[in-house]
1. Restricted to region 249-267, and to residues that are under 14 Å from Arg201 (Cα atoms) and open to solvent by less than 90 Å² (accessible area, probe 1.4 Å), which residue is nearest to the chain's Cα centre (by Cα)?
2. Can you confirm whether Asp62 is of a type in the set (Asp, Glu), at pLDDT 95 or above and over 19 Å from Pro261 (Cβ atoms)?
3. Looking at region 135-144, which of the residues that are in contact with a helix residue (DSSP H, G or I) (Cβ under 8 Å, 6 or more places away or on another chain) and open to solvent by 20 Å² or more (accessible area, probe 1.4 Å) is nearest to Arg102 (Cα to Cα)?
4. Can you tell me which residue is farthest from Ile246 (Cα to Cα) among those in region 192-206 that are part of a loop (DSSP other than H, G, I, E, B) and either open to solvent by less than 20 Å² (accessible area, probe 1.4 Å) or aliphatic (A, V, I, L, M) (or both)?
5. With the requirement that a residue be within 19 Å of the chain's Cα centre (by Cα) and open to solvent by less than 90 Å² (accessible area, probe 1.4 Å), what does region 211-223 give you?
6. Can you tell which of Gly157, Gly194, Gly134, Gly124 is at positive phi and of a type outside the set (Asp, Glu)?
7. Kindly check whether there is at least one residue in region 182-191 that is within 21 Å of Ile256 (Cα to Cα) and over 15 Å from the mean Cα position of the chain (by Cα).
8. Of the conditions (1) over 22 Å from Val52 (Cα atoms); (2) open to solvent by less than 60 Å² (accessible area, probe 1.4 Å), Pro270 fails just one. Which one is it?
Amino acid sequence: MKLKFIAAAALATALALLLAPLPATAAGVDKLYVLDCGHIYAADQSRWSPGVNVGVPIELSDNCYLIQHGKDWFLWDTGLADAIAAAPDGVKGANGAMLMKRTKTLASELDALGVKPADLKGIGISHTHPDHIGNVEEFPQVMLYVQKAEYDWPGEGGAPRFKPEHPVTKLDGDHDVFGDGSVVILSTPGHTPGHQSLLVRLPKTGVVVLSGDAVHFKDNWDNRRVPPSNFSKEQTLASMQKIADILAKEHGQLWINHDEPQTDAQKKPPDFYN
């Protein structure tokens, strides 16, 4: 009788384990692509690192990230406008302090991977500066994921930052995109009122945090420098600490969107991270 009881208990335990929810990494992300969404050339690095490297020119990468999660695709940031690719010499910013270039379009990069706009489950944008939302309206039916504080932040002349008819999910803090912990939007205000970063949990690579503009390059991260043009220095520093705490807990990597040397060392399509 005792043996039957033990056997029954063991069977119940085995069934419970079999039927238990899979861990986040079992469902999670299949592929993460780093897309070239432009380059920015500036004559003075100190616009991002106050008092440091004054007058020293700098080149910044501008990445988008394409994530495959099962049958769904999720795009993080949309880079500089594809129209800039038609100008071989690039396009100067409004005050002439920066030169922006695209050697390929986001549309062509997605097409080369066989991804159609209708395949996208959603688009997350780190914030509403032009080098991150340049192609949002190339996907007018795709759900946007943006912090409410960013969405409501008036644009130039009080204009809205997105077309009001564009479908949107307005967030108030962190958000688990697929509900399994594999792709989590992190609220990281400071650079702008509703800035956000993205945690991606990969089965082999591990946890990666995509910075957005929470920091612009590694030296600023190492020294906790805050650009003077940021919306809030205090919020920026708090967001940096939040990211640092996550990286420490998860033994993760920080991928800095505008850090050109780091970007140059990363895999490019058709290669991907998994």
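1. Among those residues, the one meeting the criterion is Trp255.
2. In short, no.
3. If we take residues in region 135-144 being in contact with a helix residue (DSSP H, G or I) (Cβ under 8 Å, 6 or more places away or on another chain) and open to solvent by 20 Å² or more (accessible area, probe 1.4 Å), then Glu138 is nearest to Arg102 (Cα to Cα).
4. It comes out as Thr192.
5. Ser211, Gly212, Asp213, Ala214, Val215, His216, Phe217, Asn220, Trp221
6. Gly157
7. So far as region 182-191 goes, yes, one or more of its residues are within 21 Å of Ile256 (Cα to Cα) and over 15 Å from the mean Cα position of the chain (by Cα).
8. Against the list (1) over 22 Å from Val52 (Cα atoms); (2) open to solvent by less than 60 Å² (accessible area, probe 1.4 Å), Pro270 comes up short only on (2).
The values are calculated or read from the model by the stated rules, or taken from the named source; none is laboratory data. Since the model is a prediction, treat every value here as computed from it, not as a measurement. Cβ coordinates were reconstructed from backbone atoms using ideal geometry, including for glycine residues, and neighbour counts include every protein chain displayed. These accessible areas exclude ligands, DNA and RNA; they are computed on the full protein's heavy atoms, side chains included. Shrake-Rupley method; radii C 1.70, N 1.55, O 1.52, S 1.80 Å.
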